[in-house]
Ligand SMILES: Cc1cc2nc3c(=O)[nH]c(=O)nc-3n(C[C@H](O)[C@H](O)[C@H](O)COP(=O)(O)OP(=O)(O)OC[C@H]3O[C@@H](n4cnc5c(N)ncnc54)[C@H](O)[C@@H]3O)c2cc1C
């Protein structure tokens, strides 16, 4: 097996796109608005945009640059993924499982419409997404889960890998026809441009350090100033728990790593059996994802998750995890073993206890949302839009209702360090026992 031989570029943020050189000013002094949104990822940007489009006066406060969190760093799958294992969801969320499926599907179509609406060129390709087994036991399992999703109304089919034009190492599974892949860096910055063109007042470089609800209005405290608002939306993903007002256990932060290869000639992808170029995720406990890009490279993500050892800071990817991702790539694409990794980066994901989007109120003035969970690119934007409408007195959309929490209380989550290590080990044992090559 090859180790990392070629020099790679390691990024503390994203390898998809360059950071904007011009940043918006930070909050200074005392400011007052009707609404304020904390966190400028796709979720926060869509909330603020919708409020402004509804004629509301709104400020958006972002620690760094709009879009520069998970939104600009992800794998770029616009996916109808619902949450954790469909069998578990169908059992424990029986009353709203169909609603969760409907939300996931609507979120993808909503995001596709956004690109045209805001003239965002983000290299979107409507490919669908294959959830593929790499072992016979996974295949059996994925067929059962797929049937549950299909019965609940998701636009998917159970497929054999051969029929879909993917490499032999991917045995097939569930092919979701909706969705596809995009360049998330271009998407996030395209949305940022739309926000900057709108009536939203944007403060970048403005980390909210504290949220003080005095029962009448809410004050957001930043290093150099304070923003007062009648209503506030907390849309700060993995960083939620840094604010003491956020419900305990609402989400756990995990760090996810991505690598990008050097360019792969198209004929080499054909030889590898990937004639369809359909993006894939594996059915491991901690999935692997494989996709092509319009710049002729491949992007591979996840396989291992890390928990923070203290503060949630951006950092360079861990060499061992990068090497493990490269090992996975070489195993799944044996004929591309000479293709070198070129870049690596990563980002923080907020994982909710049931790995489902959550929205609710801490008080009549403070609303929280976390739609990330590693598959929330479409849902964060879609729910943000509906939160904007809800706060503009347009009522609660049924897709917002389905993830709305009546009380800000959460059960303990399933994500903690030994469990992540065990999941990785279990996945490697599954790989070894199920080796087909
Ligand atoms: C490597 C990786 C791969 C992924 N792959 C996929 C994928 O293929 N498909 C998919 O659907 N999802 C994927 N995801 C998840 C996806 O990126 C998220 O679901 C989505 O971006 C969530 O958007 P958001 O607005 O909720 O969060 P973010 O984009 O993280 O935005 C939150 C923002 O809040 C800001 N912030 C935090 N604290 C504060 C504060 N106190 N004050 C002010 N601002 C604050 C942050 O700086 C950040 O910009 C992936 C994530 C990662 C990291």
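Summary table
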{"quantity": "Crossing angle, helix 319-332 versus the chain [Cα axis fit, 0-90 degrees, rounded to tens]", "calculated": "50"}
{"quantity": "Fraction of beta bridges assigned by DSSP in the chain that are antiparallel (%, nearest 5)", "calculated": "65"}
{"quantity": "Residue order, fewest to most surrounding Cβ atoms within 10 angstrom, among 77, 290", "calculated": "290, 77"}
{"quantity": "Taking 251, 217 and counting other C-beta atoms within 10 Å, the order from fewest to most", "calculated": "217, 251"}
{"quantity": "Inter-site label distance for residue 307 and residue 411 at 7 Å from Cα along Cβ, in nm", "calculated": "1.8"}
{"quantity": "Relative intensity, log₁₀ I(q)/I(0), of the range 312-437 from a Debye sum that treats every alpha carbon as a point, q = 0.12, 0.14, 0.15, 0.20 Å⁻¹", "calculated": "-0.69, -0.84, -0.91, -1.19"}
{"quantity": "Nearest 10 degrees, 0 to 90: helix 136-151 Cα axis against the chain principal axis", "calculated": "40"}
{"quantity": "Hydrodynamic radius by Kirkwood, which averages 1/r over all alpha carbon pairs of the chain, in angstrom", "calculated": "22.0"}
{"quantity": "Packing-based exposure ordering (other Cβ within 10 Å, fewest first) of 21, 235", "calculated": "21, 235"}
{"quantity": "Cα-based convex hull, the range 169-224, per residue volume (Å³, whole number)", "calculated": "248"}
{"quantity": "The chain - percent relative contact order, Cα under 8 Å, separation 6 or more", "calculated": "26"}
{"quantity": "C-alpha center-to-center spacing [the range 50-109, the range 226-273] in angstrom", "calculated": "11"}
{"quantity": "Principal-axis tilt of helix 377-391 within the chain, Cα atoms, nearest 10 degrees", "calculated": "20"}
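Only the coordinates and a few stated rules stand behind these numbers; no lab work does. Just so you know, these numbers come straight off a predicted model, no measurement behind them. No Cβ is skipped: glycine too gets one built from the backbone with ideal geometry, and neighbour counts run over all protein chains shown.
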